[in-house]
Amino acid sequence: DQQVKQNSPSLSVQEGRISILNCDYTNSMFDYFLWYKKYPAEGPTFLISISSIKDKNEDGRFTVFLNKSAKHLSLHIVPSQPGDSAVYFCAASARAGGTSYGKLTFGQGTILTVHP
Amino acid sequence: DGGITQSPKYLFRKEGQNVTLSCEQNLNHDAMYWYRQDPGQGLRLIYYSQIVNDFQKGDIAEGYSVSREKKESFPLTVTSAQKNPTAFYLCASGQGAVETQYFGPGTRLLVL
């Protein structure tokens, strides 16, 4: 049962254009969402997060949008750079009784390739 | 400088052998996690520990064991009961109720 899904295995964009990575979830208890970036043979690095009380969070070239009614989030990268080429994972967390146990559920990942 | 270290980078296991993957952190985080990554799949949680001397099974704990005797260390043993151990193993740590987790560089386990 895949509770967090990234339906696009790969995405290719031109340098300077916008990259949009999508993520869907099924568990309505999820209320905190994160994006991680991963290079081959390395551990993921945290990019940006969003709480369910917000619908948008921006950090430099990265913006995450959350549509709770559709159980969908997206990561926008503008402008895209060749160094952004990596695998991007979305992850979700459910808080119970106000206490987060820190457990994350990850999507399958999307390989982003930014061409010069 | 602070971070998470995993060793070795590559590990080879023979049939019927137990192997132990090391994970150490000096971030003073209470919680530590082990994940497994397979090609085309996301990270799947094997075990996690929220505090010293306590740990919980994740989604795919069968064939694995852990210990948490020290705050900074969370070793993972891949036992002979794990029939498909070839994967990339990632250790992470986090601080309490804050969900952001910080990952080590990973260990690739291969079966001879």
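At a glance:
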read-out: Neighbour-count ranking [beta-carbon atoms within 10 angstrom, fewest first] of B:Leu21, B:Leu43; value: B:Leu21, B:Leu43
read-out: Proximal charge balance of A:Gln2 [Cβ under 12 Å; K/R count +1, D/E count -1]; value: -1
read-out: In sequence order, calculated HN-Hα J values of the stretch B:27-43 (Karplus, 6.51, -1.76, 1.60; Hz; x Gly/Pro); value: 8, 6, 7, 6, 9, 9, 9, 10, 10, 10, 10, 10, x, x, 10, x, 7
read-out: Computed over the protein assembly as shown, the ratio Rg/Rh where both radii use C-alpha atoms and Rh is Kirkwood; value: 0.97
read-out: The stretch A:21-70: mean projected area of Cα convex hull, nm²; value: 4.2 nm²
read-out: Interatomic Cα distance distribution for chain A, bins of 10 angstrom, percent; value: 14, 47, 31, 7, 1
read-out: For A:44-55, mean number of other protein chain Cβ atoms within 10 Å; value: 2
read-out: Rg ratio (alpha-carbon, reference 2.2 N^0.38 Å) - the stretch A:48-116; value: 1.25
read-out: Residue order, fewest to most surrounding Cβ atoms within 10 angstrom, among A:Lys71, B:Lys83; value: B:Lys83, A:Lys71
read-out: Neighbour-count order for A:Trp35, B:Trp34, fewest beta carbons within 10 angstrom listed first; value: A:Trp35, B:Trp34
read-out: Equivalent ellipsoid, chain B (semi-axes from 5 times Cα gyration tensor eigenvalues, Å); value: 22, 14, 13
read-out: Proximal charge balance of A:Ala86 [Cβ under 10 Å; K/R count +1, D/E count -1]; value: 0
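All of the numbers you see were taken from the coordinates with simple rules; none came from a lab. Quick caveat, the model's predicted, so the values are computed rather than measured. Here the Cβ is made from the backbone with ideal geometry for all residues, glycine too, and neighbour counts use every protein chain on show.
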